[in-house]
Amino acid sequence: MHFGIDYGARFAGTTAVCFDLGSSLLILQAAKKQDADAFCRDQISARKPSFVMIDAPLSLPRVYTKPRDAVFSPEDDYFFREADRQLGAMSPMFLGGLTARAMQLSAFFAAQGIPFFETWPSRLRSYFGSENRPECDVLAAQLKKLTGFELVADKAISPHGIDSALAWFAGWLKMHGRSNVYGSEAEGVVWC
């Protein structure tokens with residue numbers, strides 16, 4: 001079992017998790033005003049996945065990891081990592097607090113032997129026939145066809161739930177050696 005997380009603002013109700021259970025994929029979403037970080041900690045702690053794919057930056061541009069006595073240059077990139085440039089993704093610096101929260105959540109579970117990997121669901125949409133977020137029925141049909149897992153939903157899946165399923169799919173691709181990897185190990189990679 002592994003998790004896919006679409007990580008959002010802390011109390012906005014925009015964080016969703018997707019995980020496999022048997023041959024099913026389940027999606028749970030934090031409620032508005034519910035602490036998303038506590039929600040993620042509770043879900044991961046209860047199920048103990050082998051790893052987590054998260055749609056949030058887990059590292060900063062290389063300039064911020066230089067030793068204090070290193071020489072800094074105006075040409076150093078203070079905003080984007082190599083992976084962000086390759087993907088056309090937002091800067092971890094622009095995302096600020098979300099980046100810090102994701103890094104903290106990752107460190108919390110790394111101490112428990114549950115690694116986190118960064119993904120970007122927007123890059124995975126092409127597997128589902130479009131550059132747009134797939135509709136729920138298209139997502140369910142394609143996930144079943146590609147992975148054999150049945151998406152279970154007792155109500156309409158929000159865009160955040162769909163992105164959590166795409167993050168889970170990134171983990172499935174990683175497990176099967178079919179991921180595209182962006183960035184560098186020295187600065188941080190994104191699995192898609």
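At pLDDT 95 or above, in contact with a His (Cβ under 8 Å, 6 or more places away or on another chain) and among the small types (Gly, Ala, Ser): which single residue out of 171, 177 fits that description?
Exactly one residue qualifies, and that residue is 171.
Tell me, which residue of the range 36-77 that is of a type in the set (Ser, Thr, Tyr) and modelled with pLDDT under 95 is surrounded by the fewest Cβ atoms within 10 Å (Cβ to Cβ)?
73
What's the number of the condition residue 167 fails, among (1) touching a Gly at 6+ places or on another chain (Cβ under 7 Å); (2) of a type outside the set (Asp, Glu); (3) closer than 24 Å to residue 37 by Cα; (4) without any contact (Cβ under 8 Å) to a residue 60 or more places away in the chain?
So residue 167 meets the others, but not (4).
Please go through the range 35-70 and pick out each residue that is in contact with a Lys or Arg (Cβ under 9 Å, 6 or more places away or on another chain) and of a type outside the set (S, T, N, Q).
The answer is 35, 36, 37, 51, 53, 56, 57, 60, 61, 62.
Report every pair of residues separated by at least 6 positions or lying on different chains whose Cβ atoms are under 7 Å apart, first residue within the range 26-44 and of a type in the set (Asp, Glu), second surrounded by fewer than 20 Cβ atoms within 10 Å (Cβ to Cβ) and part of a loop (DSSP other than H, G, I, E, B).
Matching pairs, first to second residue: 35/10; 35/11; 37/10.
Go through (1) part of a loop (DSSP other than H, G, I, E, B); (2) in contact with a Cys (Cβ under 7 Å, 6 or more places away or on another chain) one by one and return the number of the condition residue 105 breaks.
With (1) part of a loop (DSSP other than H, G, I, E, B); (2) in contact with a Cys (Cβ under 7 Å, 6 or more places away or on another chain) applied to residue 105, the lone miss is (1).
The values are calculated or read from the model by the stated rules, or taken from the named source; none is laboratory data. What you see is a predicted model, and the numbers here were worked out from it, not measured in a lab. Cβ: placed from backbone, ideal geometry, glycine included. Neighbour counts: every protein chain shown.
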